[in-house]
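Note sheet for the following structure.
The values are calculated or read from the model by the stated rules, or taken from the named source; none is laboratory data. Keep in mind that this is a model prediction, so the values were computed, not measured. As a convention, Cβ positions derive from the backbone with ideal geometry for all residues, glycine included, and neighbour counts pool all protein chains shown. These area figures cover heavy atoms from the full protein model, side chains too; ligands, DNA and RNA do not enter into them. Shrake-Rupley method; radii C 1.70, N 1.55, O 1.52, S 1.80 Å.
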Amino acid sequence: MKKFFKILLIIPLLYIVIIPLYFTGSSNAKAIGDIEVVIKDSSDYHFVTEKYLLNLINNSYGRVVGKPAGEIAVADIENRINVLHELRIAEVYLTIDRTLKIYVDQRDPVMRVMPEDGGDFFVDEEGVIVRKRNLYNPRLHIVGGNINITSAMLNGVSVLDTSIKNTILRDIYYLVGYIIEDDFWSAQIDQIFVDRDDEIDLIPRVGNHIIHLGSVENFEEKLRNLEAFYDKVLPEAGWNKYSQINLEFRDQIVCRRR
């Protein structure tokens, strides 16, 4: 009788252990039927495309569709895609119907950086630098001039990280953030130029003049003073009367006549 009860206990245990193994093995033997790529904000940003990601996978791992699911290193594919600095995150997984799903979230660029020594980059909202790789040109404020892009930055370290020392880009990041959040300055400022002394010139869209900001210190106050100057003085003097508007000195605006 005891032997009978033992057999009754063993049968469910075998069922619990063997059946999942059977279905797992059977599932792993089934071929991948399709690859589905989802790119977040694909209509707004074009850092990567579905074709680029599919080529990346097929060139690295061979043709995936048609291979048994058990031969697909999903984690390796995910790690390979996550290497792309253009992406904030990538997730790769297999569905129950043997579709390889790829979800990627692109970085959100806030400015474009074109150093005088060469190169073309984007900086995203987290301060991460992304190298410009294709013809995609989002409408952003352009920063040029004396900008040093370090190897650490190119390896994904944010310009906001305290390990990045002596970089004007951190100050520029906060300046551009302020400009973007202000409707007037976002529309008025086109380009930002950094000279050899790390002093900043702003190139406006309206008015044939250069705005010399000087250092980034107290830039909020400087721009508030300039906005008042724009509002009260330039309408009477004329937007093209001055070649330079200098905000370098505290509580002063010094203009150079054309």
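Mean residue ellipticity, 222 nm, helices only, the chain: the sum of -39500 (n - 2.57) across DSSP H runs of n ≥ 4, divided by residue count and rounded to 500, is -11000 deg cm²/dmol.
Of the residues Asp41, Asp105, the one with the largest accessible area comes first in the ranking Asp41, Asp105, computed with a 1.4 Å probe on protein heavy atoms.
In plain terms, the chain from Asn240 to Asp44 could stretch by 67.0 nm, reckoned as 0.36 nm per residue minus the Cα-Cα distance. Grouping the Cα pair distances of the stretch 87-139 into 5 Å bins from zero gives a pair-distance distribution of 4, 17, 21, 17, 12, 9, 8, 7, 3, 1, 0 percent in increasing distance order. Its residues counted as N, the chain yields a C-alpha radius of gyration over 2.2 N^0.38 Å of 1.56. Sorting Arg139, Arg88, Arg112, Arg196 by solvent-accessible area of protein heavy atoms yields Arg139, Arg196, Arg88, Arg112, largest first, with a 1.4 Å probe.
All Cα-Cα separations within the stretch 124-193 were binned at 5 Å from zero, giving a P(r) of 3, 14, 26, 24, 20, 10, 3, 0, each value a whole percent of the pairs.
Figure note: Tyr174, Tyr52, Tyr230 ranked by solvent-accessible area, largest first, 1.4 Å probe, ligands and nucleic acids not counted: Tyr174, Tyr52, Tyr230. Counted without the sites themselves, the longest stretch of the chain free of GluC sites (Glu not before Pro) in a DSSP loop having at most 15 other beta carbon atoms within 10 Å is 1-115. In a Debye calculation with equal point scatterers on the alpha-carbon sites of the stretch 162-227 and no solvent, what is log10 I(q)/I(0) at q = 0.13, 0.16, 0.21 Å⁻¹? Those come out to -0.34, -0.52, -0.88, one per q.
Centre-to-centre separation between the Cα atoms of the stretch 81-109 and those of the stretch 147-180: 26 Å.
Among the listed pairs Lys101/Lys132; Lys51/Lys101; Lys132/Lys165; Lys30/Lys101, a Cα-Cα separation exceeding 18 Å is found for Lys101/Lys132; Lys132/Lys165.
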